[in-house]
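Worksheet: the structure to be examined is printed underneath.
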Amino acid sequence: MKNNRVLSSQELAQFGAELDALKARVTADLGESDARYINNIYKAVNYTEAAGRGLLFAGIFPPAWIAGTALLGVSKILENMELGHNVMHGQYDWMRDSRFNGKNYEWDIVGTADNWRKTHNFKHHTYTNIKGMDDDVGYGILKLFPEQRWRPFYLLQPIYAVLFALLFQWGVAIQDLELGKVLSGKKTKAQLKEEWQPIAAKVKKQLLKDYVLFPLLAGPFFLPVLLGNLVANGMRNLWTFTIIFCGHFTTDAEIFAKSVLENETRGSWYLRQLRGSSNLTGGKLFHIMSGNLSHQIEHHLFPDVPARRYAAMSVEVQEICARYGQHYNKGSLVKQFGQVCGRILRYALPSKTKTVKSNLVTIHTASRLEPQENKLAA
């Protein structure tokens with residue numbers, strides 16, 4: 001774990017002010033180039049889907065099946081990460097274009113966008129890495145931090161981590177159902193049934209589209225098309241799982257106690273986002289295919305800024321962090337995912353529970369930050 005310099009209240013305020021100023025400058029500069037970019041991503045999603053599905057209709061021939069499946073997988077990854085995820089954060093609401101409205105966008109997975117806006121945009125981005133408040137800490141099934149209490153079922157987590165990766169969209173779909181509360185009696189079956197209805201409708205729609213409608217349209221090539229859709233969805237699930245886990249669960253990512261929210265200032269909120277996040281290094285295409293979540297630090301700092309701006313912003317963020325003695329966690333995909341896998345294996349075994357970090361800096365009381373101050377596109 002890298003050491004971070006403890007900041008005084010004055011330094012903390014300056015740290016937050018510098019990051020606020022960076023965001024203000026970038027937001028003021030948004031315009032035609034950003035609109036053109038997201039329109040091009042929208043077109044790329046549609047064109048790769050059409051080409052992929054078209055080739056799958058000739059899927060009895062192996063080269064056509066491989067190319068069609070790959071293109072459909074690329075389309076689903078782009079739609080999920082660079083289009084859907086970023087649009088739902090409200091990054092392009094300023095365009096006043098209904099296609100890119102963060103409150104109304106519905107994406108191409110079995111989980112509903114409304115549930116994602118609640119569990120991700122609100123809960124995760126407000127209470128990032130706070131034990132007991134951020135449901136993304138282990139997603140309720142994995143022990144990924146020494147501060148989590150070990151339980152016997154974690155012994156099998158290397159196995160169900162693989163299953164979770166393959167079925168990631170289903171984990172997203174049911175996350176807000178909080179099934180553990182039903183088992184413990186904190187939620188009634190009637191409540192669960194009511195909450196399940198919109199998810200069931202979305203699941204039905206997605207299953208009919210990918211595994212009934214398009215395979216039937218292929219006629220005698222029903223099975224190759226069905227299999228191609230299945231593999232394309234699996235590609236999207238595995239890639240999304242990998243990028244998200246590398247952004248949150250590397251060795252230097254930290255977890256916090258609920259007490260960090262007491263008198264939390266803008267600066268300490270930024271500090272928590274920084275210390276709970278990890279970046280990935282790579283080229284421009286890699287960043288696009290990751291939805292720019294390869295810049296997870298910048299995404300947590302500025303979730304409603306268009307993600308295409310994160311690469312440029314990261315240069316100044318790193319400079320600010322260096323001046324304030326704060327570790328900027330970045331590394332290659334191989335390095336960061338290796339650390340994630342190491343955590344999955346290490347914490348599957350019985351271990352002593354560490355004390356959760358209860359504060360980030362010296363005690364501060366000024367400029368208290370109200371939860372979700374910038375709304376985060378909730």
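Angle, helix 9-28 long axis vs. longest principal axis of the chain, Cα atoms, 0 to 90°, nearest 10?
40
Can you tell me the 0 to 90 degree angle between the C-alpha axis of helix 157-166 and the longest principal axis of the chain, rounded to 10?
50
Can you list residues whose amide H is under 5 Å from THR265's amide H, if they're 5+ apart or on another chain and H is modeled 1.01 Å from N?
Result for THR265 returns LEU369.
One-quarter of the Cα convex hull surface for the range 17-176, in nm²?
Spelled out: convex hull of the Cα atoms, projected over all directions, averaged, 12.8 nm².
At most 14 other Cβ atoms within 10 Å plus a DSSP loop assignment makes a site exposed; report the longest stretch of the chain without any exposed trypsin sites (Lys or Arg not before Pro).
Formally, the longest exposed-site-free interval is 187-351.
Once every DSSP H run of n ≥ 4 in the chain is given -39500 (n - 2.57) and the sum is divided by its residues, what mean residue ellipticity at 222 nm do you get, rounded to the nearest 500 deg cm²/dmol?
One gets -16000 deg cm²/dmol as the mean residue ellipticity at 222 nm.
Using modelled amide H (1.01 Å from N, peptide plane; none on Pro or chain starts), what sits under 5 Å from the amide H of PHE256, excluding residues fewer than 5 places away?
ILE130, LYS131
How long, wide and thick is the chain, going by the Cα atoms along their three principal axes, in whole angstroms, largest first?
Between the extreme Cα coordinates on each principal axis of the chain lie 69, 53, 40 Å.
Normalising by the residue count of the chain, find the relative contact order in percent from Cα pairs under 8 Å and 6+ residues apart. Intermediate results must be reported in sequence, preceding the final value.
Details: 555 pairs, mean separation 107.5, N = 378.
Reported as a whole number, the value is 28 percent.
Roughly how tilted is helix 32-56, in degrees to the nearest 10 and between 0 and 90, from the longest Cα axis of the chain?
So the helix axis and the longest Cα principal axis differ by about 40 degrees.
What ranking of ILE130, ILE66 emerges when the number of other C-beta atoms within 10 Å of each C-beta is taken as an exposure proxy, fewest first?
Least crowded to most crowded, the residues run ILE66, ILE130.
Can you sort ASP304, ASP20 from fewest to most other Cβ atoms within 10 Å of each residue's own Cβ?
Working: ASP304 21, ASP20 14.
In increasing order of surrounding Cβ atoms, one gets ASP20, ASP304.
Every read-out reported here was derived from the displayed coordinates using simple, explicitly stated rules and does not represent laboratory data. Note that the coordinates shown come from a computational prediction; the quantities given were computed from them, not determined experimentally. Here the Cβ is made from the backbone with ideal geometry for all residues, glycine too, and neighbour counts use every protein chain on show.
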